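Presented below is the structure to which this report refers.
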Amino acid sequence: MEQDRERPRKLEFEPRLLALFLFIAIPFILVGSLLILSSVKNGVNRTTGDHFAELAAANARYLDSYILMKVTNVSRLAVSPSLVDEVVTANESYTGEEEMIQNRLLEADGEWQLTYGLTPLAIDIVGRESSDFLKKIASFNPAYREILLTDERGALIAATNLTTDYYQADEPWWQKAYGDGWTGTIHVSNVRHDYSAKVHGMDIAVPVRTGEGDDQRVVGVLKALIDVRDVFAVMASVRFGESGRALLLNGPDRSIINRDDPGDVMKDTHPGFVHMLEAQAEGRRHFICQHIDGSTWLAGFARMPEPAPFPEISWYVVVEQSIQEAQASVQIASKYLIWFFGAMVLLVLLFALFMHFKLVKPIREVDLREEMDRLSGAVSGTKAG
C-alpha cells in the first residue's frame with residue numbers, strides 16, 4: 001500500500017478540457033472571421049462600384065457634351081444664308097400639279113437607285129456650289145462623313161457625296177425634322193450603319209427655316225452623318241488593370257454599341273442589363289453579373305444623358321472589371337484572415353495546455369485514497385473523544 005502511494009505520478013493529459021476549449025473558441029473565431037471577410041467584400045464592392053459609377057458618369061457627361069456640340073454645329077450650318085437661299089430657290093422651281101411633281105421625284109429616285117447615283121442629276125447635285133460648301137465644312141472635321149440638304153419635298157439639292165437615294169421624304173429623320181412644315185424639330189438617331197458612307201454613324205437632322213418669330217416655316221432639312229469612331233475612342237480610352245473597360249449600351253435593345261469589330265456593333269447584348277435596371281430602381285449605382293463564359297464582373301453605370309433631350313437616344317455607360325481582379329485586396333485580406341484563424345486556434349491550444357497544467361495537473365497529483373484515509377481517521381478520533 002505504501003509503495004503504491006509513493007509510486008511517482010505520471011503526467012496525465014486531460015483531452016476533454018482541450019476539446020471543450022476548442023469547441024467553444026473555434027466556432028466564435030470562424031464566425032468572426034467570416035463576418036469580417038464578408039464585411040470587407042461588401043465594402044470593397046460598394047466602394048469600387050461607386051468609383052466605377054463616377055467614372056461612367058464622367059464619360060457619359062463627355063459624350064453628352066460631344067453630341068450637343070455636334071447638334072449645335074449642324075444647327076448653325078442650317079441657318080447659313082447661302083444654304084437657305086438654295087433651298088428657297090429649289091422650292092420655287094417646281095411647276096405643275098402636286099401629283100405630277102411627286103411622280104417626277106419618285107421616278108428620279110428610282111433611276112438614281114437603279115444606277116447607284118450615276119445619273120446626270122446626281123452628278124449635277126454633287127457638283128453644285130452648295131455641295132462644295134458642304135464638302136469644305138466636312139473637311140474641317142473628319143467626324144462629318146456625309147452632309148446633305150433637301151428641299152421641302154424631300155428632294156436632294158446638295159450633298160458632300162453620292163447618296164444611295166435621291167428622295168429623302170420617306171426617311172424617319174427627314175419626317176421628324178420637317179414635321180408638318182411648322183413643327184419640325186431636331187432629330188438625333190441612334191447608331192446605325194450607313195451604306196453610302198460605309199461607316200457606323202449617327203444622323204443629326206435639323207429643319208431649315210425662313211421667317212421670323214412665330215412665322216418661321218420649315219422649307220427644307222439639313223442632315224449630317226456623324227462618324228461614331230470618336231465615341232468609340234472615348235470608351236476605348238477607359239482601360240485599367242487587365243480586365244477593366246467601359247461599354248456603351250443601347251437601352252431599347254440592350255445591345256453593346258462600341259465593339260472592336262465593326263461587324264459586331266449593336267449585335268451582342270450585355271448579360272447584366274437586367275441587374276443594372278434593378279440597381280437603378282433601388283438607387284444603387286453598381287451591380288454584379290455573370291458573363292456568358294461564367295466569369296463574374298463588378299460594374300458601375302450611368303445613364304447618358306440624364307435627362308435625355310433626344311428621345312431617340314437611351315444610352316448607358318458601364319464601367320466594369322472582373323470581380324476577381326476588383327477584389328484583389330479582399331483576396332489578400334482572406335490570406336491574412338486564414339493566418340489569423342490559425343494563430344487563434346494555436347493560441348487556444350496553448351491556453352488549454354496552460355490551464356491543464358495549472359488546474360488539472362495539481363488536482364490529479366492529489367492521492368484521493370490517502371486523503372480519504374486521513375479524513376476517516378480524523379472522523380473516528382472525533383467520535384472516540
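Points worth noting:
- Simple spin-label estimate for Leu106 and Gln280 in nanometres, 7 Å along Cα-Cβ: 4.1 nm
- Region 134-193 shape via C-alpha gyration tensor axes, a/c threshold 1.5: prolate
- Per-residue 3J(HN,Hα) values for region 251-262, derived from phi via the Karplus relation 6.51 cos²θ - 1.76 cosθ + 1.60 with θ = phi - 60°, read x, x, 10, 6, 7, 8, 7, 7, 9, 5, 8, x Hz in sequence order (x marks Gly and Pro).
- Length gained when the stretch Ser237-Asp170 is fully extended (0.36 nm per residue, less Cα-Cα span): 20.3 nm
- Residues listed by number, region 230-252, amide nitrogen under 15 Å from Tyr62 label point at 7 Å toward C-beta: 230-240, 245-248
- Between Ser82 and Tyr116, the contour length at 0.36 nm per residue exceeds the Cα-Cα span by 9.4 nm.
- Overall form of region 88-135 per C-alpha gyration tensor (a/c, 1.5; a/b vs b/c): oblate
- Theoretical FRET efficiency, 1/(1+(r/R0)^6), r = Cβ-Cβ of Glu97 and Arg192, R0 45 Å, to 0.05: 0.80
- The alpha carbon gyration tensor of region 79-227 gives principal lengths a ≥ b ≥ c with a/c below 1.5, which makes the shape rounded.
- For region 45-57, Karplus couplings with θ = phi - 60° (6.51, -1.76, 1.60), whole Hz, Gly/Pro x: 4, 5, 5, 5, x, 5, 5, 4, 5, 5, 5, 5, 5
- On the basis of the beta-carbon distance and an R0 of 56 Å, Asp215 and Asp264 show a calculated FRET efficiency of 0.70.
- Using the Cβ-Cβ distance between Thr72 and Phe351 with R0 set to 56 Å, the FRET efficiency works out to roughly 0.15.
- Working ranking of peptides 292-304, 154-166 by packing, defined as the average number of other Cβ atoms within 10 Å per residue, highest first, is 154-166, 292-304.
- Extension gain, Thr89 back to Val31 (0.36 nm per residue minus Cα-Cα distance, nm): 12.6 nm
Laboratory data are not the source of any read-out in this text; all were calculated from the coordinates shown. These figures come from a predicted structure and were not determined experimentally. Using ideal geometry, Cβ is built from the backbone for each residue, glycine included, and neighbour counts are taken over all protein chains shown.
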